[in-house]
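This report refers to the structure that appears directly beneath it.
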Amino acid sequence: MILRLWRNYNKESGNTIEMVVVDKEGTRIHASVGEQLIKKFDDKLREGDAIVLQLFKVYDATGEYRTTPHPYKIGFFHTTFVGIADDFSSAVPEKYFADFSDILGGNLDHSCLVDVVGQIVNFGSLENKIIKGKDSMRLLVELRDPNNVKMMCTLWGSYAKQVYDYSRSNMSTMIICVIRFCSVKEWKGSYSISSGYNSTHILLNTTLDFIEEFKASLPDDSLALTNNDSSQWSVGTATSIRARFFVLNERLTIGEIIDSSVVGTFVTLGTIETIDTERGWQYLSCKYHNKKVMPTTNVDADDRPLFFCNTCDKEHSDVISRFKLIANVKDDSGEANFLLFDANAQAIVRHSAAELYDENEDEDFLPEAVSDLFGKRVLFEISVDADNIKGKSSQYVVRLATDDREMVEEFADLPPKSNPVLMLESADDISSGSGGFTATPLSKRKSEQDDDSCLEDQHSVNKKLSQKKLKGE
């Protein structure tokens, strides 16, 4: 069966048809049709067809990014016969899935493409990158396996748009992603995977037989799909949520956070008292850049309102609602205002802002799914920056949030700290324990926050946030 088929061009061989064919045992081999034979075989070769091949040549498989580990490749002659195989089963064994731990451990042959299957747990913004003088879309995706091992994946071009559009449209579902023929990449000792130029094949929530078994083997933690700004991502950021709350970051009470004179990232447990709605619970952003857009007085050909995006530098109607929640969070030591942007709000609301937003509804109403957060205990990973310490901002940006019951209870039962982090002499002591996370300069974080127009100063951390009417009242 022709598992994958694409056109290719290079200076040495010109235009070719490239294929990966698989037999009934699931063994794959690469096959090529030279430029002079394309017209003869073009209409006889279609991806997904079961075929019979006879009278072909076999030669050594060499070079980088080979599609299979098979030592040989198939080449077509003028006399090669291509027929239809009527009795071939489309359900062939899957023999080429790579283990996440083997990829991350650098244990695989990087000259050979691999298959992976994982749950998409996080995806970034669709970015435009200039590669070799040409514009190309890029998307960063975080996958996890049944052992809760996380791995970063970089998708390019049409693959990026395919996964981004599907993920945005299915935020409330579990997305299982099968990526065939992707390459293993290494950067500064960290490993990840990336889509190929045109050989990669991506299947999202496919009906293949093994998918249900894979779903059943995943951790039963109802982990929500999140959409994060990927400007700070690197291949080393795919670290488990548990590690971030119990290993990598220093634990503080809210009172200690308020009194902190140290810039850094900390974790804490608190109860959400209320949500500030005076400055809104959501904002409209560009669908492609995750940045706030400004309404205009113009409409498009379908009479839809147009918005101006500074990043796109144009007006368009492709906008989407995203969360911006300012939560008043309290524990026994004090209370503070925590700012949750879209992805982290989704993790605890269990809905996307787009699902809850109604442009015709009174802005005074807070969606029920958001008001259900009142009284909920949540684990927060937060940033303390220079503006917090200097008193210029009393909002602490949330980097990660979870209301996983087992983790919350385990965190609450931790014994009191014997050596508070406040005794550390410099922020370097904290950042050195970041476990591979990419540090972001304060000036950059401030700039990014200003870009989203979401960090208006609030001068008292003890200010009781105004609560407006809720749905159902």
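All of the numbers you see were taken from the coordinates with simple rules; none came from a lab. These numbers come from a predicted model, not from an experiment. Positions of Cβ are generated from backbone atoms using ideal geometry, with glycine treated the same way; all protein chains shown enter the neighbour counts.
Worth pointing out:
- Note, ³J(HN,Hα) from phi for segment 47-54, Karplus 6.51, -1.76, 1.60, rounded to Hz, x at Gly and Pro: 4, x, 6, 8, 10, 10, 10, 9
- Pairs over the 26 Å Cα-Cα cut-off, from the set K134/K287; K314/K390; K287/K324: K314/K390.
- Placing +1 on the Cβ of every Lys and Arg and -1 on the Cβ of every Asp and Glu, with no other charges, gives segment 111-266 a dipole of roughly 560 debye about its Cα centre.
- Charge dipole of segment 339-418 about the Cα centre (unit charges at C-beta), most positive-ward option of L366, S393, H351: S393
- Cα gyration tensor category, rounded, prolate or oblate, for segment 1-108 with a/c compared to 1.5: oblate
- Dipole in debye (nearest 20) - segment 32-139, about Cα centre, beta carbon charges: Lys, Arg +1; Asp, Glu -1: 440
- The phi-based Karplus calculation (6.51 cos²θ - 1.76 cosθ + 1.60; θ = phi - 60°) puts the 3J(HN,Hα) values of segment 29-39 at 8, 7, 9, 9, 10, x, 4, 6, 10, 4, 4 Hz, whole numbers, x for Gly and Pro.
- Residue-by-residue Karplus 3J(HN,Hα) for segment 276-287, coefficients 6.51, -1.76, 1.60, Hz, glycine and proline x: 6, 9, 4, 9, x, 9, 8, 9, 8, 10, 5, 5
- Close amide H partners of F97, meaning residues 5 or more places away or on another chain with modelled amide H under 5 Å apart, do not exist here.
- Segment 158-230: trypsin sites (Lys or Arg not before Pro) falling in loop per DSSP and having at most 12 other Cβ within 10 Å: K188
- Residues whose placed amide H lies under 5 Å from that of L400, excluding near-sequence neighbours: E381
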